[in-house]
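**Q** One structure, as structure tokens, below. Some questions next.
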Amino acid sequence: MKRFYIFLLLGIAALLTLSACSGTTSPVTSENATSILNSQDMSELNSVQGEHTMQEYTDTSENQPNADSFTIKISVNGTELTAVLENNATTRALVEQMPMTLPMRDLYDREMCYNYGSGAFPTETLRNDSYQVGDIIYWPTAGSFVILYRQNGEQFSRQHLGHIESGVEVFETTGDTNVTFELIS
């Protein structure tokens with residue numbers, strides 16, 4: 001009986017692989033997967049797939065007045081900052097989670113960081129140049145969401161998300177703290 005389930009799971013994996021290579025765009029959903037998988041397998045699929053589909057991330061940008069960018073409010077220790085995020089796959093995924101409060105760590109005396117974990121968000125075009133003070137980035141290697149508040153001249157590969165125009169120096173004295181992010185428009 002154990003062999004039967006192993007062959008069944010291998011067959012399902014092969015079918016999913018073939019359908020992924022066929023160029024079809026219909027995703028495996030909970031509705032069509034439940035007829036194949038039991039509830040334990042479904043919970044594993046949901047934890048891998050995440051709560052949102054890429055179509056949902058795309059839909060978020062279509063409902064925004066300015067599809068080129070998102071404006072967010074960042075609140076830290078009683079101070080409110082405004083940032084403009086560009087419209088890319090990573091920011092759409094982040095915007096889906098807003099409003100959110102993250103326990104951010106002050107790292108290297110230059111950045112506030114929250115680690116989602118490697119592969120947490122989709123990425124598009126990675127940059128590998130110098131950053132600007134106020135840049136908001138996603139570092140896919142560790143799945144880190146980062147606000148860069150001080151310059152040290154380092155260059156590293158990252159997904160650029162957006163920028164805080166002014167007030168970013170507040171992070172120079174906050175240390176590890178909770179930071180709240182809300183979508184304005």
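Quick note: the coordinates plus some simple rules give every number you see, no bench work behind them. Treat the numbers as computed from the prediction; the structure is a model and nothing was measured. Here Cβ is always computed from backbone atoms with ideal geometry, including for glycine, and neighbour counts include all displayed protein chains.
**Q** May I ask you to verify whether G143 is touching a residue at least 12 places away in the same chain (Cβ under 8 Å), more than 16 Å from the chain's Cα centre (by Cα) and more than 15 Å from N88 (Cβ to Cβ)?
**A** Criteria not met by G143.
**Q** On the given criteria, is S166 without any contact (Cβ under 8 Å) to a residue 40 or more places away in the chain and small (G, A, S)?
**A** So S166 fails the test.
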